[in-house]
Amino acid sequence: MKYVLFTVFEDSQATQSLLADLFKKGYNGTMMGASSVNHTFSEKKNAPMFSLSNYAEGVKDPNLAVFFIVEEERLKPLQEAIREQTSSFTKIHGAMMVFPLQQYEGSF
């Protein structure tokens with residue numbers, strides 16, 4: 001079975017090093033810039049509601065959302081590497097969560 005490991009990290013040099021290390025270990029993922037909904041709306045109090053495209057263009061918060069699709073046997077080593085390099089998210093702030101994939105098609 002495949003799993004999605006979804007992470008959010010603050011964008012920093014330490015995060016770049018973490019991702020480079022995971023790449024060297026053979027992990028590949030998809031990375032996107034991210035901002036919290038709270039942060040986005042608190043800065044745009046006078047903006048008209050509601051156009052997602054307007055908000056997406058303004059996402060500049062220093063966060064990265066990264067998701068990995070991995071086989072079950074590679075999941076725990078990936079989680080352990082992230083915990084180790086983030087010092088359980090105290091050195092690099094963020095979060096991770098895992099979802100089982102019931103259906104998957106593609107070449108990841």
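The values are calculated or read from the model by the stated rules, or taken from the named source; none is laboratory data. Because the structure is predicted, anything quoted here is derived from the model rather than measured. Positions of Cβ are generated from backbone atoms using ideal geometry, with glycine treated the same way; all protein chains shown enter the neighbour counts.
At-a-glance table
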item	result
Residues within segment 1-31 that are closer than 22 Å to T90 by Cβ, of a type outside the set (S, T, Y) and assigned to a helix (DSSP H, G or I), tallied	8
Filtered residues of segment 51-70 (kept if exposed (fewer than 12 other Cβ atoms within 10 Å of the Cβ) and either of a type in the set (A, V, I, L, M, F, W, C) or at pLDDT 95 or above (or both))	L52, A56
All positions within segment 15-33 that are aliphatic (A, V, I, L, M) and surrounded by fewer than 16 Cβ atoms within 10 Å (Cβ to Cβ)	A20, M31, M32
Complete set of residues in segment 71-108 that are surrounded by 14 or more Cβ atoms within 10 Å (Cβ to Cβ), of a type in the set (G, A, S) and on the phi > 0 side of the Ramachandran plot	G94
Among (1) among the charged types (D, E, K, R); (2) at pLDDT 95 or above; (3) not in a helix (DSSP H, G or I), the one test that K45 misses	(2)
